[in-house]
Amino acid sequence: MTITRFAPSPTGHIHVGNLRAALFNYLIARKAGGTFILRFDDTDRERSKQEYMDGIRRDLEWLGITWDRFEQQSKRLDRYTEAAAGLREAGKLYEVFESPTELDLKRKKQLNMGKPPVYDRAGLELSEDDKAQLRAEGREGYWRFLLARERIEWQDGILGEISIDAASVSDPVLIRADGQVLYTFASSVDDVDMGVTDIVRGADHVTNTATQIQIMQAMGGTLPRFAHHSLLTGAQGEELSKRIGALSIRDLREAGVAPQALVSMMSRLGSSQPVELLSMDEIADSFDLSHFGASPTRFDPEDLWPLTRHQNQSLPFSAVEGRIRDLGVPDAQAERFWRVASQNITRLDDLAEWWDIFSTGATPEIAAEDSEFVAEAMRLLPPPPYDEQSWAKWTAEVKQATGRKGKALFMPLRKALTGQAHGPEMADVMPLLQVVKARE
């Protein structure tokens, strides 16, 4: 069975920079009829917050990404202790004591000598007496994984053949001095224990994947298939600014972006397939990692709005009925209001502006050269209520009285009634108008 996972750290809100990892893993499982796991990497007790866990769940559910199984790493600490003991017994985990300052000095020295800044494994040379002395001096030990100095190779689902020389990588720290298990270790244990078969994540994890392969192998685990999607850039190929790169799903939702628009874009961005508005079923059926390339992927948040407009304008009345009633639209006019306003919105929140125009009257927009014409037209306009024939009857009378016709007749009247130069057909608008400020 295909098993995938999304393992966010609940130390903040998920954003467009990591949404694709969640979506890709979800789509792989859904297409294969497999299992998708939501797993919180919450071993950092100080930074992990329940509010962020709740927020991540809410964001995923809003997008239509559901999970078949839920896990929290903070509830598996005993398992990590057991796994660490096994690695120590196998000679794959060793204790070190260097401070951050000492490590920084070592790296600078190596770079000055033209060598790669790789940990020198000084901890392996420490005797038990040496370690006891360091502890007596107040030093706290932490634990590194002993990498086999060989090439680590795998066939990446997006990047193709990957080969990394482990000698160019520092032995990763797996357990901090305070006992906190770090992501590289906890995630490897979980992926083995949970039988994860496929892992998709950002290209910035390639080196991390190499070390996790050896950790999984040291535990006797079966390796999953790995794929690393490209990272996002700005619209012109520039490095994403912090503002855009950290644009949270919550921010996009509150801005009015439609969930289907966001999912549709993120499922196709960086692939050979066109970005178009699709249902989740359509996205899953057509999803294939082979369509994606290794080049940086350009992302412009403004591109979400045409898709959002398309989705919102195609919604049936039943999908927005509650929202419309909350605006105060009478039941008798609710469906008519949606039919008239729907084709003139981008965000669903735009409905409120249209109902405000219809219910309380728009601020008239009248050019100086049209003021006398509009005043004459308003004297010919009876008070509400109006029906579907009101616009045609009224404009015919105004035309006869003033001699105006075409755009010179219709545009000033539209702007006087709605305050807008564009919008729904005025014949459809008139039955919804309850107040006409231009008459006052």
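The values are calculated or read from the model by the stated rules, or taken from the named source; none is laboratory data. These numbers were taken from a predicted model, which means no experiment stands behind them. Virtual Cβ from ideal backbone geometry, glycine too; neighbours counted across all protein chains shown.
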Note to self: Looking only at region 353-375, count every residue that is surrounded by fewer than 17 Cβ atoms within 10 Å (Cβ to Cβ) and either of a type in the set (Ser, Thr, Tyr) or more than 14 Å from Arg414 (Cβ to Cβ) (or both) and tell me the total.
What the structure shows: 9
Next item on the list: Output the number of residues of region 198-208 satisfying the condition of being of a type outside the set (D, E, K, R) and crowded, with 20+ Cβ neighbours inside 10 Å.
Entry: 2
Next item on the list: For region 242-319, please list each of the helices (runs of 4 or more DSSP H) lying entirely inside it that holds at least 2 residues being aromatic (Phe, Trp, Tyr), in contact (Cβ under 8 Å) with a residue 24 or more places away in the chain and surrounded by 18 or more Cβ atoms within 10 Å (Cβ to Cβ).
Entry: none
Checklist line | Residue check for Thr346: at pLDDT 95 or above and hydroxyl-bearing (Ser, Thr, Tyr) | finding: yes
Next item on the list: Take region 72-85 and flag every residue that is touching an Asp or Glu at 6+ places or on another chain (Cβ under 7 Å) and more than 14 Å from Val192 (Cα to Cα).
Entry: Gln72, Ser74
Check: If you take the residues of region 400-433 that are among the basic types (Lys, Arg) and over 20 Å from Glu388 (Cβ atoms), which of them is surrounded by the most Cβ atoms within 10 Å (Cβ to Cβ)?
Finding: Lys415
Next item on the list: Mind listing just one residue for me: the one in region 209-246 that is modelled with pLDDT of 95 or more and of a type in the set (Val, Ile, Thr) and, of those, nearest to the chain's Cα centre (by Cα)?
Entry: Thr209
Next item on the list: Go through region 17-37 residue by residue and tally those that are modelled with pLDDT under 95 and more than 16 Å from Ile158 (Cα to Cα).
Entry: 3
Notebook entry, point to check: If you check Ala90, Ala122, Ala32, which single one turns out to be of a type in the set (A, V, I, L, M), within 27 Å of Val263 (Cα to Cα) and surrounded by fewer than 21 Cβ atoms within 10 Å (Cβ to Cβ)?
Noted result: Ala32
Note to self: I'm trying to understand the selection: among the residues of region 113-123, which are outside any helix (DSSP H, G or I), within 19 Å of Arg88 (Cβ to Cβ) and either among the polar types (S, T, N, Q) or over 39 Å from the mean Cα position of the chain (by Cα) (or both)?
What the structure shows: Arg121
Notebook entry, point to check: Would it be correct to say that Arg347 is out of contact with any Cys (no Cβ under 8 Å at 6 or more places or on another chain), outside the structural domain of Gln260 (by TED's automatic domain parsing), surrounded by 15 or more Cβ atoms within 10 Å (Cβ to Cβ) and touching a residue at least 60 places away in the same chain (Cβ under 8 Å)?
Noted result: yes
